[in-house]
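Only one structure is covered here, and it is reproduced in the block below.
The values are calculated or read from the model by the stated rules, or taken from the named source; none is laboratory data. Source: prediction; values computed, not measured. Cβ sites come from the backbone with ideal geometry, for glycine too, and all protein chains shown count toward neighbours. When the accessible area is computed, the model is the full protein with side chains, heavy atoms only, and any ligands, DNA or RNA have been set aside. Shrake-Rupley method; radii C 1.70, N 1.55, O 1.52, S 1.80 Å.
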Amino acid sequence: MTGPAERRRVVIGGVGPEIDGGRFAIKRIAGEGVHVEADVFTDGHDRLRCVLRHRPESSPEWTEVEMRSLGNDRWAGGFAAGATGRHRYGIVAWIDPFGAWAERLAARLAAGQDPGSELLVGQRMVSDAAGRASGADAATLRECARKIADPVGGPGLAASEDLTRLMREYDDRTGTSIYEKELPLVVDRERARFSAWYEMFPRSAGQPERHGTLADVVTRLPLIARMGFDVLYLPPIHPIGDAHRRGPNNTGTPSASDVGSPWAIGASTGGHDAVHPRLGTIDDLRDLVAAAARAGIDVALDLAFQCSPDHPYVREHPEWFRHRPDGTIQNAENPPKRYLDIYPFDFDTEDRRGLWGELLRVVRFWIAQGIRVFRVDNPHTKPFAFWEWLIGEVKTREPDVIFLSEAFTRPKVMYHLAKLGFTQSYTYFAWRNTKAEIVAYFTELAQTDVRDHFRANLWPNTPDILTEQLQYGGRAAFIARLTLAATLGASYGIYGPAFELGESRAVRHGSEEYLDSEKYQIRAWDWDERAGIRDIVTRLNHIRREHPALQGDRSLRFHHTDSDMIVAYSKRDAERGDTVLVVVNLDPHHTQAGFVDLALADLGLGTGDSFQVHDLLSGGRYLWRGSRNYVELDPRTLPAHVFAVRRKVRTERDFDYYE
């Protein structure tokens, strides 16, 4: 209890992490540590006790953890995040008379002073605690109260761990101060933090010149699993409209055989809760989900809340769309571009309850088919309130569902979507190419408050994004960008097989659109396991799985290099003794060399230590010593090192080895 306001002398403030004053939740995965700090102080010089408390949102019972003083009135504590779902945490503090008394007693004894009066004060406090206790604890405290006034045995009893524990448990909290906010925490499953995504179009999963099916995707699963991916993302699998259908390379004059864009959702055969007949059936999707699960893979579906003019919603619910003055429905536009094959929803419709409820039903329909991961198309073009409501409703019943935000938009908008509930987000990684850009951007993502609510998912390419570097950088650029994505981020993805096969042809100079884009036509890919850079993709994914340091982003630290074309960074899992150092040549055309100046403490090393760096990509091993070491990277072989850092130790047999 808190007691009268005039007795609450402790001030609590400066709490972190706290997102927008507690309006939004911080994010962790089950079992991950939650480190909390706060400014806690009182008037005068009284000793304080401060505890961090936490609970599942569904439970009224708090679990308390003692916080420790960091000095200068700053306190810190932590706990392991519980089960998936929503939780709360907060801080409680009060004056600690017994702790202050024990310090005074120790000081008097050290000075050789008579402890008699202090022992009597302690006796009264222990006796009062006995009145607050019950059972065996009450009896023990009464016995302690009887003995503690003894000048011979009392001082030793006062300093005993058993008495200190009981006095903490039955402390007088009458003047307790409780931080004014119960701060929210969302706990997700492991895949929310660590995942490798593979995007493919099911209609290109078959043989050349034949429309692929979901059953064909099942036949591709073994290769995808062997490459080490654990999320298979499928663009929209729904029926595609005929009205204003787009042809190859986004032409407006398709032939009768052209397949159209999967994002033009809806036809006479169904809408957002249907499977395109040429891909298969709902049962085929269930079979795919089950087969993927056996391979350790989640199937992610695209949520694209928009319609083709042929969608059943257009006929059944015209009130869900914006209308022009002449009564026609407004198509999607981004002037001067017009998307005649797409009608956006009017989320401000007078039938908002009906529209929002239907879209929630769609999400729950796919969850019922076994889908637990959704990639959400252009969420920044829909109301923030809608996403906060929909994600909240979904995760109340299904807290393990993951939502990836595909929002290439302004930074504050991206971060706000993450605060509203999106589990992961696309980033600007594709356009961060120079060393300065990479260091600045990823320092922001990993080492500022952003990391408490925004989980980055790095993609070097997508069906919409073929960067200039990939168009002209050749094989080395693909390997370098892959290495950066897979090691800078605990979660990353590729649009494949275009990426691992090195597809680099743009529709025109200056465009980031692919020539013969799979968004508008079926592509015949080489599914041979030895094609392209699949061996490098596979190796990197297995390195990620074998090294805990790469399975999170909070430990990311950059190290100085004397070349602007070489970037170096490390990640470390101190608890599991794993450290990885990555060095990448950003120049895909020329050998680059220079010295790396390591911040040894970030690697768990001391000044002057010798250590081995084992290149997990090439197999090479190098003996380094101290902070300054030489690297040379030829892009014609491999443009990157991914080093496991192995510290030199001495065994009982008096010989050295690297662990």
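Overview of values
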{"quantity": "Test item: Cα-centred dipole of region 1-150, Lys/Arg +1 and Asp/Glu -1 on Cβ, debye", "calculated": "260"}
{"quantity": "Separation between Cα centres of region 70-115 and region 503-562, rounded to whole Å", "calculated": "50"}
{"quantity": "Unit charges at the beta carbon, dipole of region 291-429: most positive-side option, Ala368, Ala407, Pro344", "calculated": "Ala407"}
{"quantity": "Helix 352-368 axis, angle to the chain major axis (alpha carbon atoms, nearest 10°)", "calculated": "90"}
{"quantity": "Peptides ranked, highest mean first, by Cβ atoms within 10 Å: ranges 329-338, 581-590", "calculated": "581-590, 329-338"}
{"quantity": "Label-point separation, Thr448 to Glu66 (7 Å along Cα→Cβ), nm", "calculated": "3.7"}
{"quantity": "Solvent-accessible surface (1.4 angstrom probe) belonging to Val92, in square angstrom, nearest 10", "calculated": "0"}
{"quantity": "J(HN,Hα) series, region 20-26, from Karplus relation 6.51 cos²θ - 1.76 cosθ + 1.60, nearest Hz, glycine and proline x", "calculated": "6, x, x, 5, 10, 8, 7"}
{"quantity": "Leu303 long-range amide H proximity, modeled H, under 5 Å", "calculated": "Arg375, Val376, Asp377"}
{"quantity": "The chain, relative contact order [Cα under 8 Å, separation at least 6], %", "calculated": "10"}
{"quantity": "Under 12 Å, Cβ to Cβ, from Gln521 - net charge with Lys/Arg +1 and Asp/Glu -1", "calculated": "+1"}
{"quantity": "Separation in nanometres of the label points that stand 7 Å from Cα toward Cβ, at Ala436 and Arg410", "calculated": "2.5"}
{"quantity": "Protection proxy ranking of 454-464, 548-558 - average other beta-carbon atoms within 10 Å, highest first", "calculated": "454-464, 548-558"}
{"quantity": "Value of [θ]222 nm, deg cm²/dmol, for the chain, DSSP H segments ≥ 4, -39500 (n - 2.57) each, nearest 500", "calculated": "-8500 deg cm²/dmol"}
{"quantity": "Karplus-derived 3J(HN,Hα), 6.51/-1.76/1.60, for each residue of region 144-151, Hz, glycine and proline x", "calculated": "5, 4, 5, 8, 6, 7, 6, x"}
{"quantity": "Efficiency of FRET from Cβ geometry, Ala111 and Glu575, R₀ 51 Å, rounded to 0.05", "calculated": "0.75"}
{"quantity": "Selection from Leu214, Ser160, Pro239, by position along the positive dipole direction of the chain (Cβ)", "calculated": "Ser160"}
{"quantity": "Average accessible surface area per residue within the chain, 1.4 Å rolling probe, Å²", "calculated": "43"}
{"quantity": "Magnitude of the charge dipole, the chain, Cβ model with Lys/Arg +1 and Asp/Glu -1, debye to 20", "calculated": "400"}
{"quantity": "Among Gly392, Val567, Ala456 - extreme Cα towards positive end, dipole of the chain, charges at beta-carbon", "calculated": "Val567"}
{"quantity": "Cα principal axis extents for region 486-537, largest first, Å", "calculated": "31, 27, 17"}
{"quantity": "Extended-chain gain in nm, criterion 0.36 nm per residue less alpha-carbon gap, Leu515 and Ile329", "calculated": "63.8 nm"}
{"quantity": "Solvent-accessible area, 1.4 Å probe, carbon plus sulfur percent, for the chain", "calculated": "49"}
{"quantity": "Region 196-239 versus region 269-294: alpha-carbon centroid distance in Å", "calculated": "12"}
{"quantity": "Ratio of Rg to Rh over region 274-330 (Cα coordinates, Kirkwood Rh, two decimals)", "calculated": "1.19"}
{"quantity": "Region 345-367 versus region 413-491: alpha-carbon centroid distance in Å", "calculated": "31"}
{"quantity": "Cβ-defined net charge surrounding Arg475, 13 Å radius [Lys, Arg +1; Asp, Glu -1]", "calculated": "-1"}
{"quantity": "Counted charge near Arg572, where neighbours are those whose Cβ lies closer than 14 Å (Asp, Glu -1; Lys, Arg +1)", "calculated": "+1"}
{"quantity": "In order through region 438-446: 3J(HN,Hα) via Karplus (6.51 cos²θ - 1.76 cosθ + 1.60), integer Hz, x for Gly, Pro", "calculated": "5, 5, 5, 5, 7, 5, 4, 6, 9"}
{"quantity": "Long pairs among Lys337/Lys519; Lys435/Lys648; Lys382/Lys519; Lys337/Lys395, criterion Cα-Cα beyond 26 Å", "calculated": "Lys435/Lys648; Lys337/Lys395"}
{"quantity": "Calculated FRET efficiency for the pair Ala385/Arg9, C-beta based, R₀ 45 Å, to 0.05", "calculated": "0.65"}
{"quantity": "Region 141-214 - charge dipole about Cα centre, Lys and Arg +1 at Cβ, Asp and Glu -1, debye rounded to 20", "calculated": "260"}
{"quantity": "Mean Cβ count within 10 Å, highest first, over the residues of peptides 500-508, 64-72", "calculated": "500-508, 64-72"}
